[in-house]
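Read-outs: derived from the displayed coordinates by stated rules, not from any lab. These numbers come from a predicted model, not from an experiment. Positions of Cβ are generated from backbone atoms using ideal geometry, with glycine treated the same way; all protein chains shown enter the neighbour counts.
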Amino acid sequence: MKNTTHDKLLRDWARLGSLFGVNPSRETPDLERLLLQTASEIPSNARLLPVIATWLTVYGDSVARHRLARLIRDELPVEHQPALGLLLETAIAQGAPAGLRVAAKACEATDTARPLHIVRQGNDSLSRIAKETASELSLRWGVWAPEIELKADAVRPASWVLDRNPVLRDRIIRKGDLRASILASLRWDTPGRSAPSVQSISRLTGATRTAVRAALDALTLELAVTVGVNPMNDRDQPVRLLAA
């Protein structure tokens, strides 16, 4: 079977416990980049928005929200940002952690309003119906879609999700705070799971150096990272991931 980008995205979400009728990926995906990829696929798959919004209401604390916000600004094309903003705010309105607004605020609404889903774009009658039936939230983002109904039966229980994705457990315990973003950035965005300085961690997470230092102090006590000493410069302290 041909391994398309869309197939891979569905298999990654299946690994995280969303039921899409596909075999799960073999490894836990990079959750924040998966959300970026999801934003680009939502217009072509109407089921993604309600299912992933449901997943976020249950497991939203596993999202490293500061890192997600930074990735949105740096890596997500502006044409896909309204879909992600709509996804995040839909989930928050339905009970997902309010902290996800940090990422939602990084998204830009479109100035050229249109139906969210491709099947309704380019057709005057379908576009008019999409606008007439659009939710207030989707109108604010400029991507017309009806009110979203969650799909509780499309998300697996925590016992299944955490058994197969144990890395999410510590993220949930930390409630997706800056510590979670530091750990995720070291895991996914640095060679050898180490960063040359506190300043580089600040850039990767989009947080201030003061906030990063406080979070690193906590992570050091938790034995999740080590912060080394640079004899040539007391500001450029290397940071290394210890957590699995």
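Among the residues of region 178-193, none qualifies, meaning not one is part of a loop (DSSP other than H, G, I, E, B), touching a Lys or Arg at 6+ places or on another chain (Cβ under 6 Å) and of a type in the set (A, V, I, L, M). Take V167 and decide whether it is more than 30 Å from R26 (Cα to Cα) and among the β-branched types (V, I, T). For V167, the condition - more than 30 Å from R26 (Cα to Cα) and among the β-branched types (V, I, T) - is not met.
Screening A207 against (1) under 23 Å from A39 (Cβ atoms); (2) of a type in the set (G, A, S); (3) part of a helix (DSSP H, G or I) leaves a single unmet condition, (3).
Summed over region 41-57, the residues that are in contact with a Ser or Thr (Cβ under 9 Å, 6 or more places away or on another chain) and touching a residue at least 40 places away in the same chain (Cβ under 8 Å) give a count of 7.
In region 196-216, the residues that are at positive phi reach residues that are in a helix (DSSP H, G or I) and among the polar types (S, T, N, Q) with C-beta atoms within less than 9 angstrom, at least six apart or across chains, in these pairs: G206/S181. The helices (runs of 4 or more DSSP H) found entirely in region 124-170 that carry 2 or more residues being over 15 Å from L86 (Cα atoms) and touching a Lys or Arg at 6+ places or on another chain (Cβ under 9 Å) are 124-132, 158-164. Scanning region 103-123 for residues that are touching a strand residue (DSSP E or B) at 6+ places or on another chain (Cβ under 7 Å) and within 10 Å of A83 (Cα to Cα) returns T110, L116.
Can you find a residue that is loosely packed, with under 15 Cβ neighbours inside 10 Å, β-branched (V, I, T) and closer than 30 Å to N23 by Cβ anywhere in region 167-176? Yes, region 167-176 contains a residue that is loosely packed, with under 15 Cβ neighbours inside 10 Å, β-branched (V, I, T) and closer than 30 Å to N23 by Cβ.
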